[in-house]
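Trainee: First, the structure itself, so that you have it in front of you.
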Amino acid sequence: MVGAGLFGIAQLAFPPVAPFVALPFLLISAYVGYRQVRTVSPGQVEGRLQALRDMTWDQFSAVVVVAYQRQGYTVEAVQKPAYDFTLTQNSRVTLLQCRRWKVNQLGAGPLEELAKAVAITAAYNGICITAGAVSPKAREFVDQKPLTLVTGIALAALVGKIRK
């Protein structure tokens, strides 16, 4: 609306520049609209998280594998105590831990295990997925290590629409 108003004023004052006055507003509104369409609405977040919590391990791991494959990763399941998958993209290896996706609150213990595994394997970083809350101590730990937490809105956006 601001762009249309400025276009109208510029059209009256100096017609040749009117399109250029409105163009930045048009581009910004197109970008914001695109971002809104691509994000998860707050109403969908809790529904997706609950659907993830209700899944069995096999269902959940399949959803996670597909989500990371859509992002261009090669996903390989592993049987390690600290992590469940290795993600490879552009020759960078990321360790993915998602065993405790159903917990009410994730503590620092599992993150410490993942950080040790990242250091031992010389992986680029580690990712921990949880559909629950994250304790303050765990958040503080992650800030000091090459780890990423995927929870809440980020997890809902990662998995996308869940088909039942």
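The values are calculated or read from the model by the stated rules, or taken from the named source; none is laboratory data. Nothing here was measured: the structure is a model prediction, and the numbers come from that model. As a convention, Cβ positions derive from the backbone with ideal geometry for all residues, glycine included, and neighbour counts pool all protein chains shown.
Trainee: Which of the residues that make up the stretch 112-164 are within 16 Å of ARG100 (Cα to Cα), polar (S, T, N, Q) and outside any loop (DSSP other than H, G, I, E, B)?
Mentor: THR148
Trainee: Give the residue, chosen from LEU155, LEU149, that is in contact with a Cys (Cβ under 6 Å, 6 or more places away or on another chain) and not small (Gly, Ala, Ser).
Mentor: Exactly one of LEU155, LEU149 is in contact with a Cys (Cβ under 6 Å, 6 or more places away or on another chain) and not small (Gly, Ala, Ser), namely LEU149.
Trainee: Going through the stretch 137-164 one residue at a time, which ones are of a type in the set (S, T, N, Q) and within 19 Å of GLN59 (Cβ to Cβ)?
Mentor: Across the stretch 137-164, the qualifying residue is only THR151.
Trainee: A further question on this structure: Scanning for something touching a residue at least 40 places away in the same chain (Cβ under 8 Å) and either farther than 30 Å from ALA117 by Cα or assigned by TED's automatic domain parsing to the domain that holds GLU113 (or both), does the stretch 21-40 turn up at least one residue?
Mentor: There is at least one residue in the stretch 21-40 that is touching a residue at least 40 places away in the same chain (Cβ under 8 Å) and either farther than 30 Å from ALA117 by Cα or assigned by TED's automatic domain parsing to the domain that holds GLU113 (or both).
Trainee: To continue, here is another question. GLY132 fails exactly one of the following numbered conditions: (1) at pLDDT 90 or above; (2) touching a strand residue (DSSP E or B) at 6+ places or on another chain (Cβ under 9 Å). What is the number of that condition?
Mentor: (1)
Trainee: Only one of (1) surrounded by fewer than 18 Cβ atoms within 10 Å (Cβ to Cβ); (2) at pLDDT 90 or above; (3) not in a strand (DSSP E or B); (4) not hydroxyl-bearing (Ser, Thr, Tyr) is not met by GLU76, so which one is it?
Mentor: (3)
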